[in-house]
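The values are calculated or read from the model by the stated rules, or taken from the named source; none is laboratory data. Being a predicted model, the structure only gives us computed values, none of them experimental. We place every Cβ from the backbone using ideal geometry, glycine too, and count neighbours over all the protein chains shown.
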Amino acid sequence: MSMKNSELFQRARNLMPGGVSSPVRAFKAVGGEPIIISRAEGSRIWDVEGKEYIDFLMSWGPLILGHSHPKVVEAIQQQAQKGLSYGLTNEHEITLAELVVSAMPSVEMVRFVSSGTEATMSAIRLARGYTGRKYVVKFEGCYHGHADSLLVSAGSGVATLGIPGTPGVPEEVASLTFVVPYNDLESLEEVFKKYGEEIACVIVEPVAGNMGVVLPKPGFLEGIRNITRRYGALVICDEVITNFRLSKGGAQALLGRDPDITCMGKIIGGGMPLGAYGGSKEIMTKVAPEGPIYQAGTLSGNPLSMVAGIATLTELFALDPYQRLEELTKRLTSGIGEILSRKGIPHRINHIASMFTVFFTEEEVYDYRSAKRSNLELFAKFFRALLREGVLIPPSQFEAWFLSTAHTEEDIDLALEKIERAVSSL
Ligand code: HOZ
């Protein structure tokens, strides 16, 4: 790594834990110095040394239109001249709420917050307040942001860094969260048999993206819905990654399920900080000020985030790029599969729509335990070899690669050439 990056990283480490604002960015699981970014456009990103990468990290998912889409940038520029934050309701919130409600049949009302973590944290509070119950059930390896009750057996950075439990989360708080393996309805049923009357909700990533991409087995989401209904518990669908990514109506439109509360983030803000949670009027009217369940935020409904979200969703709905994105992603995953097979490297690629993960294992990956069977050392080498070649992927086995409408067939073919060279060097 060159001097400028190294110097900057040394300064960063003195000033910020790990030199970063979010743990996985420190590249700890893959080794080497993390790159520091100077700019990005379309499907490309550049580090401070001017090195160009084809980007499949895509800011961890929000940028389905690519970096700096002209319409999103223009919307932000225009709004910036009219004010950065009002602390009072603005017209754009209503427009974005209408776009969300029109796209997601299970959402009749929505509350805007500033991040996915806030959305899930608030959704849990709402479920507890609404049902008057205390327990929450989550799935092993699913990540729902860093609120205390959701950091138990979590994916994403917690999995990447191999942190077993999180110091700072009191045992009493952690004990209110039950964890069961993903895709395991029997274990879920067991927990409900014992504690069903006291369980407020089950929170689930309808397609897991934070233990790497893991798909729900047929009947899994339906099973969750049936069990919770029997016991009067709510289902919280964490669509922070999947909303507007898998389809216009998110995973729930694609997989045909009807959650009580949906958490949104990433694409809804088009690259600006934005999260949201929503559901039926019956449930959402329990949120303050209409109801007693409190949740607030100075920057909630921020006009810059709103216009970025509106521009992104409007463009997305007009383009309807889902089939093309799926085909483009298949071109990439098949190419990677062929390269790895030619080299005799055991692998599994879990893919849906424009997100996927390459696991280095022969066995099927259907939950966190099977995801952890992936050869993490090989992943780290693969990551570094790709980086050298100018291909950026998530610096963690337990995350998803993302494509955008800015990626072209030529980008994919060029990326495959680079990946081929990278794999040959392993
Ligand atoms: N929650 C993100 C992954 N799903 C990680 C974001 C980050 O570390 O920057």
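Quick check on Gly155: is it surrounded by 15 or more Cβ atoms within 10 Å (Cβ to Cβ) and either touching a residue at least 12 places away in the same chain (Cβ under 8 Å) or within 14 Å of the ligand (Cβ to nearest atom) (or both)?
Against the criterion (surrounded by 15 or more Cβ atoms within 10 Å (Cβ to Cβ) and either touching a residue at least 12 places away in the same chain (Cβ under 8 Å) or within 14 Å of the ligand (Cβ to nearest atom) (or both)), Gly155 qualifies.
Just one of Gly297, Gly212, Gly278, Gly301 is part of a strand (DSSP E or B) and not hydrophobic (A, V, I, L, M, F, W, C); which is it?
The match here is Gly278.
Output the number of the condition that Pro23 fails; it satisfies all remaining conditions of (1) in contact with a helix residue (DSSP H, G or I) (Cβ under 8 Å, 6 or more places away or on another chain); (2) without any contact (Cβ under 8 Å) to a residue 60 or more places away in the chain.
(2)
Go through Ile267, Ile241 for me and flag whichever is within 16 Å of the ligand (Cβ to nearest atom), under 22 Å from Ala406 (Cα atoms), part of a loop (DSSP other than H, G, I, E, B) and modelled with pLDDT of 95 or more.
Sole residue among the options that is within 16 Å of the ligand (Cβ to nearest atom), under 22 Å from Ala406 (Cα atoms), part of a loop (DSSP other than H, G, I, E, B) and modelled with pLDDT of 95 or more: Ile241.
Which one of Leu386, Leu378 is free of Cβ contacts under 8 Å to residues at least 60 places away in the same chain, part of a helix (DSSP H, G or I) and within 20 Å of Val158 (Cα to Cα)?
Sole residue among the options that is free of Cβ contacts under 8 Å to residues at least 60 places away in the same chain, part of a helix (DSSP H, G or I) and within 20 Å of Val158 (Cα to Cα): Leu378.
Is it true that some residue in the stretch 183-191 is within 16 Å of the ligand (Cβ to nearest atom) and either surrounded by fewer than 22 Cβ atoms within 10 Å (Cβ to Cβ) or within 27 Å of Phe379 (Cα to Cα) (or both)?
no
So that you can scan it fast, the table gives a plain yes or no per residue for (1) over 19 Å from the mean Cα position of the chain (by Cα); (2) closer than 25 Å to Val180 by Cα; (3) touching a residue at least 40 places away in the same chain (Cβ under 8 Å):
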| site | (1), (2), (3) |
| --- | --- |
| Phe220 | yes, yes, no |
| Ile224 | yes, yes, no |
| Val240 | no, yes, yes |
| Met264 | no, yes, yes |
| Met272 | no, no, yes |
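For the subset of the stretch 11-34 comprising residues that are within 16 Å of the ligand (Cβ to nearest atom) and on the phi > 0 side of the Ramachandran plot, which member is surrounded by the fewest Cβ atoms within 10 Å (Cβ to Cβ)?
Filtering first and then ranking leaves Gly18.
Can Ile236 be described as more than 16 Å from the ligand (Cβ to nearest atom), within 26 Å of Ala97 (Cα to Cα) and not basic (Lys, Arg)?
Spelling it out, Ile236 is indeed more than 16 Å from the ligand (Cβ to nearest atom), within 26 Å of Ala97 (Cα to Cα) and not basic (Lys, Arg).
Which one is nearest to Val180 (Cα to Cα) among residues in the stretch 380-400 that are more than 16 Å from the chain's Cα centre (by Cα) and within 16 Å of the ligand (Cβ to nearest atom)?
Phe383
Restricting to the stretch 43-59, give me the number of residues that are away from the ligand (no atom under 12 Å from the Cβ) and surrounded by fewer than 20 Cβ atoms within 10 Å (Cβ to Cβ).
7
Conditions (1) within 16 Å of the ligand (Cβ to nearest atom); (2) among the aromatic types (Phe, Trp, Tyr); (3) surrounded by fewer than 19 Cβ atoms within 10 Å (Cβ to Cβ), marked per residue:
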site: Val72; (1), (2), (3): no, no, no
site: Met104; (1), (2), (3): no, no, no
site: Val110; (1), (2), (3): no, no, no
site: Thr120; (1), (2), (3): yes, no, no
site: Tyr130; (1), (2), (3): no, yes, no
site: Lys134; (1), (2), (3): no, no, yes
site: Lys138; (1), (2), (3): yes, no, no
site: Ala147; (1), (2), (3): yes, no, yes
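Can you tell me which of Glu326, Glu315 is at pLDDT 95 or above, surrounded by fewer than 18 Cβ atoms within 10 Å (Cβ to Cβ) and among the acidic types (Asp, Glu)?
Glu326
Ala97 fails exactly one of the following numbered conditions: (1) away from the ligand (no atom under 16 Å from the Cβ); (2) in contact with a Gly (Cβ under 9 Å, 6 or more places away or on another chain); (3) in contact (Cβ under 8 Å) with a residue 24 or more places away in the chain. What is the number of that condition?
Ala97 satisfies all of (1) away from the ligand (no atom under 16 Å from the Cβ); (2) in contact with a Gly (Cβ under 9 Å, 6 or more places away or on another chain); (3) in contact (Cβ under 8 Å) with a residue 24 or more places away in the chain except (3).
Can you confirm whether the stretch 367-377 contains a residue that is more than 16 Å from the ligand (Cβ to nearest atom), surrounded by fewer than 18 Cβ atoms within 10 Å (Cβ to Cβ) and hydroxyl-bearing (Ser, Thr, Tyr)?
The answer is no, given that none of the residues of the stretch 367-377 is more than 16 Å from the ligand (Cβ to nearest atom), surrounded by fewer than 18 Cβ atoms within 10 Å (Cβ to Cβ) and hydroxyl-bearing (Ser, Thr, Tyr).
Just one of Ala208, Ala233, Ala251 is in contact (Cβ under 8 Å) with a residue 24 or more places away in the chain, buried (at least 24 other Cβ atoms within 10 Å of the Cβ) and over 19 Å from Ser106 (Cα atoms); which is it?
Just one listed residue meets the conditions, Ala208.
Give the residues of the stretch 136-192 that are modelled with pLDDT under 95 and in a helix (DSSP H, G or I), sorted by residue number.
Asp148, Ser149, Leu150, Ser156, Gly157, Val158, Ala159, Thr160, Glu171, Glu172, Val173, Ala174
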